[in-house]
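The values are calculated or read from the model by the stated rules, or taken from the named source; none is laboratory data. Worth saying up front: this structure is predicted, and the values here are computed from it rather than measured. Here the Cβ is made from the backbone with ideal geometry for all residues, glycine too, and neighbour counts use every protein chain on show. Surface accessibility is based on the protein's heavy atoms, side chains included, excluding ligands, DNA and RNA. Shrake-Rupley method; radii C 1.70, N 1.55, O 1.52, S 1.80 Å.
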Amino acid sequence: MGKHRPTPQQKQADRALCPVHVSNVLGLKVQDVARTMRANGVTQPLATDRVRKWREDPGSTPDWLAALLTEKAVRAAQQQARRERSALEDEHRMLLLRDTVERRLLAKEPIPAGYDAEVIAMDIAFGASKELVRGCGPVCGGTAADLLLPVELAALSWADVDPDDHKTWVVHRGDCPAVTDDGRSPWR
């Protein structure tokens, strides 16, 4: 549809041919419906009850309206396809970035610059921190580094967390003597 700005008189004429409440039932713009009606020689204003009957019985829908509704459906499908494609591309990009971050952590190289790479490294380190707490035994702070994967150990090192030094841990159990009443470590 064209992108020209209608005059106030044109808007009034469009609304007389296709009232706003009717366009809402159709899910189409008043201007688009009115323009198509004129192009197809339709001069009688649309009524809500007639439009609802067309929606209930698609076989009775005039060709000019069916074309508009088809265009709308095609645009909606294209938008949905773009959103899905974009989501897949983002997911793929994040998988590749995670692989790069993991390889760099293991090689003790700087991770790629950028927010996403840092979030990935922090996520790995946080997950490893939780595993430290889960596997530390009856007392928070017991060593559990042997339960961690090499990439998790590398991420902890990147985050300045030493699995053997309880004071550097960022996650603690609720019964940990290092945790104060407000839930924070006194060392941080």
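Can you tell me which residues in segment 58-91 are open to solvent by less than 90 Å² (accessible area, probe 1.4 Å) and charged (D, E, K, R)?
Glu71, Lys72, Asp90 - these are the residues of segment 58-91 that are open to solvent by less than 90 Å² (accessible area, probe 1.4 Å) and charged (D, E, K, R).
Just the residues that are hydrophobic (A, V, I, L, M, F, W, C), at pLDDT below 80, open to solvent by less than 60 Å² (accessible area, probe 1.4 Å) and part of a loop (DSSP other than H, G, I, E, B), please, taken from segment 125-168.
The answer is Cys136, Cys140, Ala144.
Looking only at residues that are aliphatic (A, V, I, L, M) and touching a helix residue (DSSP H, G or I) at 6+ places or on another chain (Cβ under 9 Å) in segment 73-116, which one is modelled with the lowest pLDDT? Steps first, please.
At the first step, the residues of segment 73-116 found to be aliphatic (A, V, I, L, M) are 73-74, 76-77, 81, 87-88, 94-97, 101, 105-107, 111, 113.
Narrowing the set further to residues that are touching a helix residue (DSSP H, G or I) at 6+ places or on another chain (Cβ under 9 Å) leaves 94, 97, 101, 105-107, 111.
On the way: Met94: 96, Leu97: 96, Val101: 97, Leu105: 96, Leu106: 96, Ala107: 96, Ile111: 93.
Among those that are aliphatic (A, V, I, L, M) and touching a helix residue (DSSP H, G or I) at 6+ places or on another chain (Cβ under 9 Å), it is Ile111.
All but one of (1) open to solvent by less than 50 Å² (accessible area, probe 1.4 Å); (2) within 21 Å of His4 (Cβ to Cβ) hold for Ala47, so report the exception by its number.
Evaluating Ala47 over (1) open to solvent by less than 50 Å² (accessible area, probe 1.4 Å); (2) within 21 Å of His4 (Cβ to Cβ) leaves (2) as the failure.
Kindly establish whether Thr100 is hydroxyl-bearing (Ser, Thr, Tyr) and either in contact (Cβ under 8 Å) with a residue 60 or more places away in the chain or within 30 Å of Ser157 (Cβ to Cβ) (or both). Explain how you work it out, then say what you get.
Working: hydroxyl-bearing (Ser, Thr, Tyr): yes; either in contact (Cβ under 8 Å) with a residue 60 or more places away in the chain or within 30 Å of Ser157 (Cβ to Cβ) (or both): yes.
Against the criterion (hydroxyl-bearing (Ser, Thr, Tyr) and either in contact (Cβ under 8 Å) with a residue 60 or more places away in the chain or within 30 Å of Ser157 (Cβ to Cβ) (or both)), Thr100 qualifies.
Could you give every pair whose Cβ atoms fall below 7 Å, whose first residue belongs to segment 53-76 and is free of Cβ contacts under 8 Å to residues at least 24 places away in the same chain, and whose second residue is aliphatic (A, V, I, L, M), counting only separations of at least 6 or pairs across chains?
Filtered contacts from segment 53-76: Trp54/Leu65.
Restricting to segment 155-168, what's the tally of residues that are more than 30 Å from the chain's Cα centre (by Cα) and closer than 14 Å to Arg104 by Cα? So that I can check it myself, show each step before the final result.
Within segment 155-168, the subset more than 30 Å from the chain's Cα centre (by Cα) is 157, 160-168.
If we keep only those that are closer than 14 Å to Arg104 by Cα too, we end up with 157.
Of the residues in segment 155-168, 1 are more than 30 Å from the chain's Cα centre (by Cα) and closer than 14 Å to Arg104 by Cα.
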